[in-house]
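This report refers to the structure that appears directly beneath it.
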Amino acid sequence: MSPIRSATIAALASAVLATTLTACSFGAGQEEVTSPIVIAADLELSGAAAPVGKAYQRALELKIEQLNTSGALGSRKIRLEVKDNRSDASESLRNIGDFSSDSKVSAIIMGGCNECAVGAVRTVNEKKIPTIALAPSNAISDPVADRRYVFKLAPNAADSAGALTTELRRKGIRKVAVLHSDDDYGREGLTALRREFSKAGLRLVGNEAVRTTDTDVSQPVRLLTSRKPQALIIWTSPEQAALAATSAQGAGFSGSLFFDAAAAGDLFLGNAARSTEQATLIFTQTMVIDDVIATTPAKAARRQWFQDYTARFGGYNGSSSFAADAVQLITDAALRAGGPADQVNREGIRDVLETSQMDGLSGPIRMTPDNHSGLMPQALTTLVARGGRWRLAG
């Protein structure tokens with residue numbers, strides 16, 4: 001075992017044990033909790049969003065395996081229960097209903113489907129089951145007053161738009177076109193970009209929406225590139241972003257490509273390598289942590305996660321760290337929540353989640369009673385496609 005890996009596991013065990021001992025001291029007559037922490041996952045394992053859903057599943061399984069073998073949980077173990085929502089909001093809602101009716105389930109993790117997560121808000125709140133969604137739409141977690149049991153762990157549209165605009169200005173780009181997904185997050189992105197462009201003096205020369213199920217985006221891309229923008233922002237899923245980059249190249253577009261965080265997928269760009277060369281992506285540093293010197297325990301943990309995921313699955317997916325962080329948040333909350341030894345304390349887990357703070361694998365995460373979207377703006381950085389993979393810019 002490498003020194004870095006040993007140190008990382010030791011640090012993880014110490015952190016989890018510290019929260020356990022702080023919150024769960026056993027007095028006279030109290031029984032030690034030994035029941036498993038059951039985490040349910042509603043994921044897109046088939047259908048249009050299957051690639052991302054399967055990346056989430058791999059990350060959940062790896063993170064849970066690491067925690068279960070770390071020795072940090074004492075006699076307790078984490079158990080994962082997964083249901084495929086088939087990239088369909090109605091199927092997702094049925095899954096949420098089943099999970100919330102199971103008294104053994106401590107909390108739910110939902111995948112990257114915005115429509116699924118937004119559609120489940122009412123059920124989650126009525127059933128009072130803590131839920132962390134990995135989809136980016138702001139409507140998932142806001143307004144907080146109507147979403148007490150719903151949390152979000154993904155980049156926010158406003159933060160991505162701000163970072164993209166800063167990079168556009170730095171490169172002297174003034175005329176921009178936007179291709180965005182025709183869903184809540186895509187529309188939020190367009191609104192946020194308009195706001196940032198207005199403040200920065202940038203001109204939006206055109207915008208087109210594509211359905212999340214579209215497998216051909218060439219026509220809207222041709223419409224946008226015909227307006228001669230200096231840059232094309234692609235605010236879609238990873239699969240559609242690759243298609244859009246290829247379509248832009250086919251249309252003879254010679255400007256710059258910029259990707260929002262939602263377009264982040266695999267580290268290696270595969271068939272899209274040529275069309276995305278020198279493209280810019282706003283995402284978390286963990287995607288390229290092998291380019292970063294591990295000068296802090298948090299960076300060392302991110303580097304180890306990157307290496308472990310890559311060794312297990314033969315590549316790296318940028319979204320994996322969000323799933324792993326969701327497991328960590330729920331596990332810490334379940335350990336700290338306390339309650340009867342033979343019952344799941346969902347209310348206690350919710351209360352702990354609402355004030356959770358950690359320097360996670362994705363970056364700094366802060367939940368508050370007024371903000372259930374935990375990923376901080378500082379987690380985002382600028383990446384560039386170079387030599388068939390994403391690299392740290394600069």
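Please report how many Lys pairs in segment 120-252 have alpha carbons closer than 17 angstrom, counting only residues at least 8 apart along the chain or sitting on separate chains. Each step should come with its number before you reach the end.
Numbers: Lys128/Lys152; Lys171/Lys199; Lys171/Lys228; Lys175/Lys199; Lys175/Lys228.
Taking segment 120-252 as the scope, the lysine pair count is 5.
Among the lysines, select those whose C-alpha is under 21 Å from the C-alpha of Lys299, and discard any that sit fewer than 8 residues away in the same chain.
Lys299 reaches Lys63.
Considering the zone a paramagnetic label at Thr296 would reach in this model (a point 7 Å from Cα along the Cα-to-Cβ line), which residues of segment 329-358 have amide N under 13 Å from it?
Of the residues in segment 329-358, 358 have backbone N under 13 Å from the label point off Thr296.
Over segment 204-323, what is the mean sequence separation of C-alpha contacts under 8 Å (at least six apart), divided by residue count, expressed as relative contact order in percent?
The value is 21 percent.
If exposed means no more than 14 neighbouring beta carbons inside 10 Å and the site is in a DSSP loop, what's the longest run of the chain without any exposed GluC sites (Glu not before Pro)?
Within the chain, the longest run free of exposed GluC sites (Glu not before Pro) spans 33-394.
Given N residues in segment 174-268, what is its alpha carbon radius of gyration divided by 2.2 N^0.38 Å?
0.99
Remind me, relative contact order of segment 23-170 in percent, using alpha carbon pairs under 8 angstrom and six or more residues apart?
21 percent
Output the Cα-based Rg and Dmax of the chain in Å, rounding Rg to one decimal and Dmax to a whole number.
21.0, 75
From the Cα gyration tensor of segment 304-394, with a ≥ b ≥ c the square roots of its eigenvalues, which class applies: rounded if a/c is under 1.5, or else prolate if a/b is larger than b/c, or else oblate?
oblate
Ranked from highest to lowest mean number of other Cβ atoms within 10 Å per residue, what is the order of the peptides 249-257, 370-378?
Taking the mean over residues of other Cβ atoms within 10 Å, the ranking is 370-378, 249-257.
Quote the relative contact order of the chain in percent (integer), defining contacts as alpha-carbon pairs under 8 Å separated by 6+ residues.
17 percent
Kindly state, to the nearest 0.05, the FRET efficiency for Arg79 paired with Arg366, given R0 = 30 Å and r defined as their beta-carbon distance.
Values: r = 28 Å, r/R0 = 0.93.
Computed FRET efficiency for Arg79 and Arg366: 0.60.
Hey, rough spin-label estimate for Thr310 and Thr215, points 7 angstrom out along Cα→Cβ, what's it come to in nanometres?
So the two model labels end up 3.2 nm from each other.
Can you compute the charge dipole magnitude of the chain about its Cα centre, using +1 on each Lys and Arg Cβ and -1 on each Asp and Glu Cβ, nothing else charged? Give it in debye, rounded to the nearest 20.
Dipole about the Cα centre, nearest 20: 1280 debye.
On alpha carbon coordinates alone, what is the Rg over Rh value for segment 69-201, Rh being the Kirkwood radius?
1.10
Where a number appears in this text, it was derived from the coordinates with a stated rule and is not lab data. Note that the structure is a prediction, hence the values are computed from the model and not measured. Cβ: placed from backbone, ideal geometry, glycine included. Neighbour counts: every protein chain shown.
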